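Here is the structure we will look at, set down as structure tokens.
Taken together, the values in this text are just the output of simple stated rules run on the coordinates, not laboratory data. Predicted model, so just to flag it, every value in this text is computed and none were measured. Positions of Cβ are backbone-derived with ideal geometry, glycine not excepted, and every protein chain shown enters the neighbour counts.
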Amino acid sequence: IVPGGGVALVRAGSALDNLKVDGDEKIGVNIIRRAIEAPLRTISENAGVEGSVVVERVKSASNAKEGFNAATLQYEDLMAAGVVDPTKVVRICLQNSSSIAGLLLTTEAAIAEIPATEDEGHGHHHH
């Protein structure tokens with residue numbers, strides 16, 4: 001198991017620091033760096049805390065198990081607090097998301113459904 005709440009992904013991002021890349025590859029690494037911070041950022045913002053502040057604090061923590069506990073709004077050892085994720089789940093999420101990103105990069109066209117607006121279908125008659 002690994003620390004939960006997106007902390008393991010943020011910690012894994014430090015491996016990107018050692019990559020020697022430039023041009024398009026550098027852009028790709030920056031996209032990945034931002035993407036792996038998204039779960040922690042979203043959890044924090046859903047708890048009413050600024051996500052970028054939480055991400056930076058977790059990155060700078062000396063204890064690799066320290067993270068933001070959204071239930072208590074405290075920074076603490078998430079392993080000790082029982083906020084954990086199975087390693088396999090985190091790994092599979094990374095593999096699946098990178099696979100989908102790869103498919104989108106090589107796809108020449110994509111079709112998406114436009115979401116309905118709030119006022120559609122609420123008894124408004126347009127003649």
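Just order 15-25, 62-72, 80-90 by mean Cβ neighbour count inside 10 Å, highest at the front, would you?
On the way: 15-25: 8.9, 62-72: 17.0, 80-90: 14.3.
Top of the packing list down: 62-72, 80-90, 15-25.
Among 107, 42, which comes first, second and so on when ranked by fewest other beta-carbon atoms within 10 Å?
107, 42
Just want the answer: with Cβ charges of +1 for Lys and Arg and -1 for Asp and Glu, which residue in 58, 44, 30 is farthest toward the dipole's positive end in the stretch 2-106?
30
With an 8 Å Cα cut-off and a minimum separation of 6 or more residues, compute the relative contact order for the stretch 2-106 in percent.
Working: 100 pairs, mean separation 34.5, N = 105.
Once normalised by length, the contact order is 33 percent.
Can you list which of the GluC sites (Glu not before Pro) found in the stretch 28-63 are DSSP loop residues with at most 12 other C-beta atoms within 10 Å? Write down the numbers at each step before the final one.
On the way: sites: 37, 45, 50, 56; in loops: 50.
Qualifying residues, ordered by number: 50.
Provide the descending list of Cα extents for the chain along its principal axes, expressed in whole angstroms.
Largest first, the chain extends 64, 40, 26 Å along its Cα principal axes.
Treating only the Cβ of Lys, Arg, Asp and Glu as charged (+1, +1, -1, -1), what charge dipole size does the chain show about its Cα centre? Round to the nearest 20 debye. Please report the intermediate quantities before stating the final value.
Values: 11 positive and 17 negative charges, 136 e Å.
Here the size comes out at about 660 debye.
How much FRET efficiency would the formula 1/(1 + (r/R0)^6) give for residue 118 and residue 63, where r is the Cβ-Cβ distance and R0 is 35 Å, rounded to 0.05?
Numbers: r = 45 Å, r/R0 = 1.28.
My answer for the efficiency is 0.20.
List every residue whose amide H lies under 5 Å from the amide H of residue 85, counting only residues 5 or more places away in sequence or on a different chain, with H placed 1.01 Å from N in the peptide plane.
Here 2, 4 satisfy the definition.
Rounded to whole Å and ordered largest first, report the semi-axes of the equivalent ellipsoid of the stretch 67-119 derived from its Cα gyration tensor (root of 5λ).
On the way: eigenvalues 239, 87, 13 Å².
The equivalent ellipsoid of the stretch 67-119 has semi-axes of 35, 21, 8 Å.
May I ask for the percentage of alpha-carbon pairs in the stretch 37-91 that lie more than 15 Å from each other?
Details: 693 of 1485 pairs.
Taking all Cα-Cα pairs of the stretch 37-91, the fraction more than 15 Å apart is 47 percent.
Tell me the label-point distance for the pair residue 25, residue 74, using the 7 Å Cα-to-Cβ offset, in nm and rounded to one decimal.
Result for the modelled spin labels: 4.5 nm.
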